[in-house]
Every structure is written in structure tokens, then in C-alpha cells.
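Here's the structure, in C-alpha cells; my notes come after.
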Amino acid sequence: KGADVIELPNIAINGISPKTKIEGLTLVNSIKNGDFSNGRSSWIANTSNVSVVKTNNDVNIKSTTPQDGYAQKIVASINDLMYISAVLVPNNVRLGFGQGSESMFFTTNERTDFEHSSKVVSYTGASNLFFIRGYAGFGTVDIKLKYAQLINLTQMFGKGNEPTKEWCDRHIKGYIDGMQSIQTPLRVKSIGENKFSFNNIHAFSNANLGL
């Protein structure tokens, strides 16, 4: 109770009366193929030097030139709160949606273990690309990850009712392939229409990221 009492759009609850208790919630990962299980499908490389190989559940993105990586276009509205979540080795990698504070930076080159990292960011509209790329301070790219995902909390829960990063970390477990239900009791009430829509994929370059 308490922090778990949130509001959902009426399309998500389909006529459930206010303060009705439900046993679960359907969330949508805005990123397609976020675990690279389908190779490069839905991802666009910024140069021809970058490559990706998946072995079992481990993804390896490599390039001989700095800041290379993959991206895909995301549909969102200004000031939407977005939950970024990834399991990766936090070495020489920048991952995020937008620019500056809208991304996560890992500038060390000394880590060896996979870790879960997450952040809630407010979308400014500066760039509509979700990207995974090398960090500028290193000459080559060697990114290791298991998955990356992006959940639009504003679209899912309604403006002003978005859960915290801590709530998301506690309840959103593992990789969401498209849509997935999470099992946690919630009291909900209708607040309006869910306007979620899937996105198209577009190429990107270092220049249009403003970096």
C-alpha cells in the first residue's frame, strides 16, 4: 500500500471503477529488440565500423572508433517521465534517451561484472533517439550487456502519478519483450486516455545527438 497506490489511464483498466483493486499491471517496453535476440533488427548503427554479436544471453557491441553504437527512434511527449533500465558491464558506455542528463554515463574501464543500472529521466525533446554507444573518453568501443529497455511512465500511469525509480526497480524485474504484466496489487482510478504508440526506426549520427 502507500507508494503502490497509483492512478492508471482508463484504457489500461477498461472501465474498472475508481479505487478498484487489481492484481497486476501491463507495461510496454518502448524499445524493440532491446536484448538483440534478433540481431541488429530495429537498431541503426551510426557508422559502418560498429558490430554486434550475441552469445547465449550476452550482447557484445564493438567498434574500432570511439562513441560508436546503435540507436532507434522513440515516440514520446515533452516532459514524459521515462524509466531506463539495463543490465550491462558498466565500462566505457553511454546509454540513454535524449541528451545530457537524460542518459547514463559509465566512464570507468575497470569493471568486469554485469550490473543492473536504471534511471528515471524527463524527456526534453532535444533528441528522440534511444542509444547505446561508447563513451567519448575512450578510443574504442567494447560494450557488454544483456538488455536495455525504456518504459514511458507518464503514458502508462498518467501525468503526476508516475512511480519512483525505486518502485520501478522493485517491481519491474527482468527484460520486457514488448508488453508484459507485472504482478503487484494496486488501487487505481481512471484519469484519461493512454496515447501510447509504437515508433519507427531512423538512422542517427554523432552530429544529430549534439555530442
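The values are calculated or read from the model by the stated rules, or taken from the named source; none is laboratory data. These numbers were taken from a predicted model, which means no experiment stands behind them. No Cβ is skipped: glycine too gets one built from the backbone with ideal geometry, and neighbour counts run over all protein chains shown. For accessibility, only protein heavy atoms count, side chains too; no ligands or nucleic acids. Shrake-Rupley method; radii C 1.70, N 1.55, O 1.52, S 1.80 Å.
See the values below:
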{"item": "Residue-span extension gain [Asn38 to Ser51] - 0.36 nm each, minus C-alpha spacing", "result": "3.3 nm"}
{"item": "Residue-normalised accessible area of the range 60-110, given per residue in Å² at a 1.4 Å probe", "result": "33 Å²"}
{"item": "Packing-based order for 46-57, 105-116, 167-178, using average beta carbon neighbours within 10 Å, highest first", "result": "167-178, 46-57, 105-116"}
{"item": "Carbon and sulfur %, accessible surface of the range 100-175 computed with the full protein complex present, 1.4 Å", "result": "49 percent"}
